[in-house]
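Peer 1: One structure, as structure tokens, below. Some questions next.
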Amino acid sequence: MEKPLIRLDDVRLTLASAAGPVNVLRGISLSIGAGETVGLVGPSGSGKSTLMMVLGGLERVSSGQVEVAGHDLNALDEDALARFRRDHVGIVFQSFHLVPTMSALENVAIPLELAGRKDAFNAARDGLAAVGLAERTLHYPSQLSGGEQQRVAIARAFAARPKLLLADEPTGNLDLETGKQVMDLLFRLHDELRSTFLLITHDADLAHRCDRIIALVDGRIAAGAT
């Protein structure tokens with residue numbers, strides 16, 4: 001059997017707060033296969049975004065095992081985690097997180113330049129063309145619509161052909177029709193690259209486009225949710 005791209009074993013995360021410790025993740029055990037699409041659903045505060053941050057190496061767990069793309073994330077220092085994200089992970093957020101003083105082309109080229117790619121700008125142009133923005137490469141975020149900014153963010157996330165794509169409510173700041181176009185684009189690029197795709201969404205219809213739905217409730221996977 002092929003080794004899963006993601007394997008979590010009894011993952012727990014407790015954060016400090018003014019009111020005392022908060023148990024955000026309470027024993028998550030989960031396997032996700034290479035190329036699989038997973039919809040992650042649950043009420044606000046259930047731990048969805050925190051789990052995504054853990055998988056992306058942006059948040060360290062309090063206990064439990066986290067393996068992604070053959071890497072034990074618990075064993076990596078901050079520099080190694082940064083390289084892991086650079087080489088294996090693409091992330092699309094609800095807010096686009098583009099650098100306002102950089103053009104669309106420069107925003108997409110950033111991770112490729114950091115990876116030492118000599119063809120960073122050519123690859124960035126190809127990425128923008130793939131999301132329908134070939135004519136907008138020199139425009140700045142303020143000159144782009146919300147849908148166009150999210151397309152730039154998607155091109156950036158896919159630029160290094162990541163093994164894992166994480167998307168946290170990627171249509172949350174978009175109108176219904178633009179959101180549909182963005183999701184169609186995400187699924188099309190997933191089909192082309194066969195990246196493992198984890199989608200956080202409150203939209204049941206979007207979640208059902210995935211191979212599998214996982215529901216989180218109060219930091220735990222709901223019974224029967226996988």
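Every number here is computed from the coordinates shown, using simple stated rules; none is lab data. Not measured: the values here are computed from a predicted model. Positions of Cβ are generated from backbone atoms using ideal geometry, with glycine treated the same way; all protein chains shown enter the neighbour counts.
Peer 1: Which listed residue (217, 189, 199) has the Cα farthest towards the positive end of the charge dipole for region 184-226, taking +1 on Lys and Arg C-beta and -1 on Asp and Glu C-beta about the Cα centre?
Peer 2: Most positive-ward Cα: 217.
Peer 1: In µm²/s, what is D for region 77-133 at 10 °C and 1.306 mPa s, where D = kT/(6 pi eta Rh) by Stokes-Einstein and Rh is the Kirkwood radius from Cα pairs?
Peer 2: Taking Rh from Cα pairs, D becomes 128 µm²/s.
Peer 1: Take each of the peptides 69-76, 58-65, average the number of other beta-carbon atoms within 10 Å over its residues, and list them starting from the highest. Intermediate results must be reported in sequence, preceding the final value.
Peer 2: Numbers: 69-76: 14.0, 58-65: 15.5.
Those peptides, ordered most packed to least, come out 58-65, 69-76.
Peer 1: Please state, as a whole number in µm²/s, the translational diffusion coefficient that the Stokes-Einstein equation yields for region 1-72 at 37 °C and 0.692 mPa s, with Rh defined as the Kirkwood radius across alpha carbon pairs.
Peer 2: Result for D is 253 µm²/s.
Peer 1: Cut-off under 16 Å on the C-alpha distance; same-chain residues fewer than 8 positions from residue 3 excluded. Which aspartates and glutamates are left, in chain and number order?
Peer 2: Cross-link targets: 36, 67, 72.
Peer 1: If R₀ is 25 angstrom, what is the calculated FRET efficiency for the pair residue 83 and residue 34, using the beta carbon separation as r and rounding to 0.05?
Peer 2: So, using R0 = 25 Å, E works out to roughly 0.80.
Peer 1: Now, a different point. Give me the net charge for the shell around residue 78: Cβ to Cβ below 14 angstrom, other residues only, Lys and Arg +1, Asp and Glu -1. It would help to have the intermediate numbers written out before the result.
Peer 2: Details: positive: 60, 83, 85, 86; negative: 59, 77, 79.
In short, +1.
Peer 1: Here's a follow-up. What value, in deg cm²/dmol to 500, does the helix sum -39500 (n - 2.57) over DSSP H runs of n ≥ 4 give at 222 nm once divided by the residues of the chain? Spell out each step's value before the answer.
Peer 2: Values: 7 runs with 76 residues, N = 226.
The helix-only estimate for the chain comes to -10000 deg cm²/dmol at 222 nm.
Peer 1: While we're here: What number, in nm² with one decimal, is the all-direction average of the projected area of the convex hull of the alpha-carbon atoms of region 78-180?
Peer 2: 6.5
Peer 1: If the cut-off is a Cα-Cα distance under 16 Å, which aspartates and glutamates reach residue 48, setting aside same-chain residues fewer than 8 apart in sequence?
Peer 2: Within the straight-line limit of under 16 Å, residue 48 reaches these aspartates and glutamates: 10, 59, 168, 169, 203, 218.
Peer 1: Could you work out the percent of alpha carbon pairs in the chain separated by over 21 Å, rounded to a whole number?
Peer 2: Roughly 55 percent, once rounded to a whole number.
Peer 1: Let me ask another. Mind giving me the nanometre distance, one decimal, between the label points for residue 102 and residue 121, set 7 Å out from Cα along Cα→Cβ?
Peer 2: 1.4
Peer 1: What is the helix-to-structure angle for 146-158, meaning the angle in degrees between its Cα long axis and the longest Cα principal axis of the chain, kept from 0 to 90 and rounded to the nearest 10?
Peer 2: 70
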